[in-house]
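Notes follow the structure.
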Amino acid sequence: MPTLLLALAVVSTGLYAGFMLIFLTGVMPGLGRLPDDGFVPAMRRVNETVPRGVFLLVFAAIVAFPVAALLVPTEGRTDADRWLIVAALVCSVLNHLVTVAGNIPLNNALAASENTTPPVPDGEVRAAFEARWNRLHLVRTLLVTAAFALLVAAAVD
């Protein structure tokens, strides 16, 4: 069971890190090339689509599986392995904090700007959103990538 839980931690964190990296290196640069009146509605639709089903399951799993791997007693796991898992867990929790305290409020403000009277120009909406969101996304991508590397190190040790 401990090996399975650690493997699930590695897989879920790797999937999430991959998603974040693709968003960082492909999706946002692609959307960034759109004019304001294309970027703003496209980003709104992305933000409506992403936080569902599988995404939320993986979002929870990157914390739940490392916790479970730490809680299940195992022979042969070294203190170094435990500390690697704890460090990965800290990175994943920090990733979630950046998401919840930073990216989600920006996503909510972007969504709310769609229904204002008078309408806020797309250029203003984008200026208040894009650069901050991208900086926060870089931070959380680095955190979850570190979590993945730490879990891999714990698994192969």
(message) Quick test of your reading of the structure: Val40 fulfils all but one of (1) surrounded by fewer than 16 Cβ atoms within 10 Å (Cβ to Cβ); (2) within 25 Å of Ala128 (Cβ to Cβ). Name the failing condition by number.
(response) (1)
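If we scan the stretch 116-123, do we find a residue that is in a helix (DSSP H, G or I) and without any contact (Cβ under 8 Å) to a residue 24 or more places away in the chain? Spell out how you get there, then give the answer.
Step one: of the stretch 116-123, the residues in a helix (DSSP H, G or I) are 122-123.
Subset that is without any contact (Cβ under 8 Å) to a residue 24 or more places away in the chain: none.
No, the stretch 116-123 contains no residue that is in a helix (DSSP H, G or I) and without any contact (Cβ under 8 Å) to a residue 24 or more places away in the chain.
Name the residue, out of Gly26, Gly32, Gly38, that is out of contact with any Phe, Trp or Tyr (no Cβ under 6 Å at 6 or more places or on another chain), under 30 Å from Val120 (Cα atoms), small (Gly, Ala, Ser) and touching a residue at least 24 places away in the same chain (Cβ under 8 Å).
Details: Gly26 fails: touching a residue at least 24 places away in the same chain (Cβ under 8 Å); Gly38 fails: touching a residue at least 24 places away in the same chain (Cβ under 8 Å).
Every option except Gly32 fails the conditions.
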(request) Filter the stretch 133-148 for residues that are surrounded by 16 or more Cβ atoms within 10 Å (Cβ to Cβ) and either without any contact (Cβ under 8 Å) to a residue 12 or more places away in the chain or touching a Ser or Thr at 6+ places or on another chain (Cβ under 7 Å) (or both) and give the result. (result) Arg140, Leu142, Val144, Ala147, Phe148
(request) Please determine, by comparing only the residues of the stretch 63-84 that are under 18 Å from the mean Cα position of the chain (by Cα) and touching a residue at least 24 places away in the same chain (Cβ under 8 Å), which one is farthest from Pro2 (Cα to Cα). (result) Val63
(message) Testing Asn95 on (1) without any contact (Cβ under 8 Å) to a residue 40 or more places away in the chain; (2) within 16 Å of Arg140 (Cα to Cα), one condition comes back false. Which one is that?
(response) (1)
(message) Test of understanding: among Val72, Val11, which residue is among the aliphatic types (A, V, I, L, M), within 15 Å of Ala155 (Cβ to Cβ) and touching a Pro at 6+ places or on another chain (Cβ under 6 Å)?
(response) Val72
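For every residue, the table says whether it meets (1) modelled with pLDDT of 95 or more; (2) under 22 Å from Leu150 (Cβ atoms).
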| residue | (1), (2) |
| --- | --- |
| Asn47 | yes, no |
| Arg52 | no, no |
| Leu71 | no, yes |
| Gly76 | no, yes |
| Asp79 | no, yes |
| Ala88 | yes, yes |
| Asn107 | yes, no |
| Ala111 | yes, no |
| Thr117 | no, no |
(request) Considering each of Val120, Val156, Val90, Val125 in turn, give the residue that is of a type in the set (A, V, I, L, M, F, W, C), surrounded by fewer than 18 Cβ atoms within 10 Å (Cβ to Cβ) and in contact with a Ser or Thr (Cβ under 6 Å, 6 or more places away or on another chain). (result) Val120
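Would you point out the residue of the stretch 98-112, among those that are touching a residue at least 40 places away in the same chain (Cβ under 8 Å) and more than 20 Å from Ala60 (Cβ to Cβ), that is surrounded by the fewest Cβ atoms within 10 Å (Cβ to Cβ)? Walk me through how you get there before you give the answer.
Going through the stretch 98-112, the residues touching a residue at least 40 places away in the same chain (Cβ under 8 Å) turn out to be 98-99, 107, 110-111.
Those left that are additionally more than 20 Å from Ala60 (Cβ to Cβ): 110-111.
Numbers: Leu110: 21, Ala111: 13.
Ranking the qualifying residues of the stretch 98-112, first place goes to Ala111.
Of these, Ala127, Ala131, Ala155, which one is in contact with a helix residue (DSSP H, G or I) (Cβ under 6 Å, 6 or more places away or on another chain) and either closer than 20 Å to Val11 by Cβ or in a helix (DSSP H, G or I) (or both)?
Working: Ala127 fails: in contact with a helix residue (DSSP H, G or I) (Cβ under 6 Å, 6 or more places away or on another chain); Ala131 fails: in contact with a helix residue (DSSP H, G or I) (Cβ under 6 Å, 6 or more places away or on another chain).
Of the residues listed, the single one that is in contact with a helix residue (DSSP H, G or I) (Cβ under 6 Å, 6 or more places away or on another chain) and either closer than 20 Å to Val11 by Cβ or in a helix (DSSP H, G or I) (or both) is Ala155.
The values are calculated or read from the model by the stated rules, or taken from the named source; none is laboratory data. Since we're looking at a predicted model, the values are computed, not measured. Please note: Cβ atoms are built from the backbone with ideal geometry, for glycine as well, and neighbour counts cover all protein chains shown.
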